[in-house]
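Peer 1: Please find one structure pasted underneath; my questions will follow.
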Amino acid sequence: MSTSSSLGWPAGSTPSLPPTFRNASLGWPAEPGDIGSPAGRVPRETTQAVADLATTGPQAQPPGVEDPTGTPDGVDDVPRETTQGPDEAAAGVGVTDSRPPGTPVPLAVGARSTEERVARETRDAPWDGTRIITVSNQKGGVGKTTTAVNIAAAMALDGLQVLVVDMDPQGNASTALSIPHSSGTAGIYDVIIDGVPLAEVVQPCPQVPGLLCAPATIDLAGAEIELVPLVARENRLRRALEVYLAEQEQPVDLVIIDCPPSLGLLTVNAFVAAREVLIPIQCEYYALEGLSQLMKNVELIQQHLNADLRISTILLTMYDGRTRLASDVADQVREYFGDRVLSTAVPRSVRVSEAPSHGETVMTYDPGSAGALSYAEAAAEMRRQEV
């Protein structure tokens, strides 16, 4: 029986093991009753020896003594770091720590390892200046607000100065960041309609240092009508944002604008103010239907109001790999948009849905969850994009 080099084993270096054997170093119990039938059981001593080998690698043998692992003399062992794949790193396989050999690696250790790896990757590829991204899709329930706040939190946790502008009258982004947004609170409505400086409404997120938010109140629901007779109605957010960024002593690295699920004047203001569009796409058929109209609107903005605007990022959300539909939608989106689609797809996660009820993003609510790790990977990919 050959062994997989992707798990860090040198090819042909281990004795044949029963097919029902479970490696204790991968987190499987090594109790005799959990291995299989009596005929296929492996003694605990053998299991421990193999687990020790997985953790420390084959040990050098004295001259004249046969190597029990079967490694030929004179052949160098392959380090685990060389053969460890990205999927195994994300799962915590091969994580080195202070635990005794053979101790199963908990999921949290693998999660921390992945977070540290993502942090190292993102710090190596910062961009220059301020990046302004609007998160938009007129289809509701595709994860626009969830994506906006979690990408923002992931970037801020990595040391960037991030501003979230909540343009959705529902104020869900403000809720997720623990920013008060009750009626009467100074917010983005006052900035767009009354010309209040953006600096007067921006508030810091209490859970994430370096993360700021301009909240949305219910008053913003009437802004669509109130904007109609105003002069330069499409440029109001852009002008306020330009003044705010110019006044800041500490440069703002990233501005993320969360749009409502519509293509009205609030969304137009977001498109005019931004340079990039991030489109979250739920892995279901309905999410694809409105994409053509959204892209037409982006083209109109490019032609008449903001020539610098471009669709830079597509993020697949609510991905369920168990269904053929999700895979088909993902394939169609990748075929059409190409490398603009992030390789990371955000899976359905209860933790992601629970976090806003505690006034947090999933990045702080449960950093080791699948949703948090996916958004951390997505943020790392966005850091590597050419701006």
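Where a number appears in this text, it was derived from the coordinates with a stated rule and is not lab data. Quantities reported herein were computed from a predicted structural model and do not represent experimental measurements. Heads up, the Cβs are rebuilt from the backbone with ideal geometry, glycines too, and the neighbour counts pull from every protein chain shown.
Peer 1: Just check the stretch 323-387 against the gyration tensor rule for me: Cα atoms, a ≥ b ≥ c as the square roots of the eigenvalues, rounded for a/c under 1.5, and otherwise prolate or oblate depending on whether a/b exceeds b/c. List each step's numbers first, then the result.
Peer 2: Values: a/c = 3.05, a/b = 1.48, b/c = 2.07.
It comes out oblate by the Cα gyration axes.
Peer 1: Still on this structure: Tell me whether the stretch 236-387 comes out rounded, prolate or oblate; compute the Cα gyration tensor, take square roots of the eigenvalues as a ≥ b ≥ c, and use a/c under 1.5 as the rounded threshold. Mind showing how you got there, number by number?
Peer 2: Numbers: a/c = 1.87, a/b = 1.24, b/c = 1.51.
Oblate, since a/c reaches 1.5 and b/c is not below a/b.
Peer 1: Output the antiparallel fraction of DSSP beta bridges having both residues in the stretch 119-383, as a percent to the nearest 5. It would help to have the intermediate numbers written out before the result.
Peer 2: Working: 2 of 29 bridges.
Of the beta bridges lying entirely in the stretch 119-383, close to 5 percent run antiparallel.
Peer 1: Between TYR336 and ALA199, take the C-beta separation as r, use R0 = 30 Å, and let me know the FRET efficiency to the nearest 0.05.
Peer 2: In this case the efficiency is close to 0.15.
Peer 1: About the Cα centre of the stretch 234-305, how large is the charge dipole given +1 on each Lys and Arg Cβ and -1 on each Asp and Glu Cβ? Please answer in debye to the nearest 20.
Peer 2: That gives a dipole near 260 debye.
Peer 1: Quick check: pseudo-label points 7 Å beyond the Cα along Cα→Cβ at SER327 and GLU242, how many nm apart are they?
Peer 2: 5.0 nm
Peer 1: Moving on. Testing the spin-label approximation: label points 7 Å from Cα along Cα→Cβ at VAL231 and LEU288. State their distance in nm.
Peer 2: 4.8 nm
Peer 1: Here's something else I'd like to know. Hey, could you grab the Kirkwood Rh for the stretch 119-383? Inverse mean 1/r over distinct alpha carbon pairs, Å, one decimal. Before the final figure, lay out the partial values.
Peer 2: Details: mean 1/r = 0.0545 Å⁻¹.
Answer for the stretch 119-383: a Kirkwood hydrodynamic radius of 18.4 Å.
Peer 1: Let me ask you something else. Hey, can you grab everything whose amide H is under 5 Å from the amide H of LEU278? Only 5+ residues off in sequence or another chain; H modelled, so Pro and N-termini drop out.
Peer 2: THR134, VAL135, SER136
Peer 1: Here is a follow-up. For a quick protection proxy, order the peptides 224-231, 336-343, 184-191 by their average other-Cβ count within 10 Å, most packed first.
Peer 2: Values: 224-231: 11.9, 336-343: 14.0, 184-191: 21.8.
The packing order, highest mean first, is 184-191, 336-343, 224-231.
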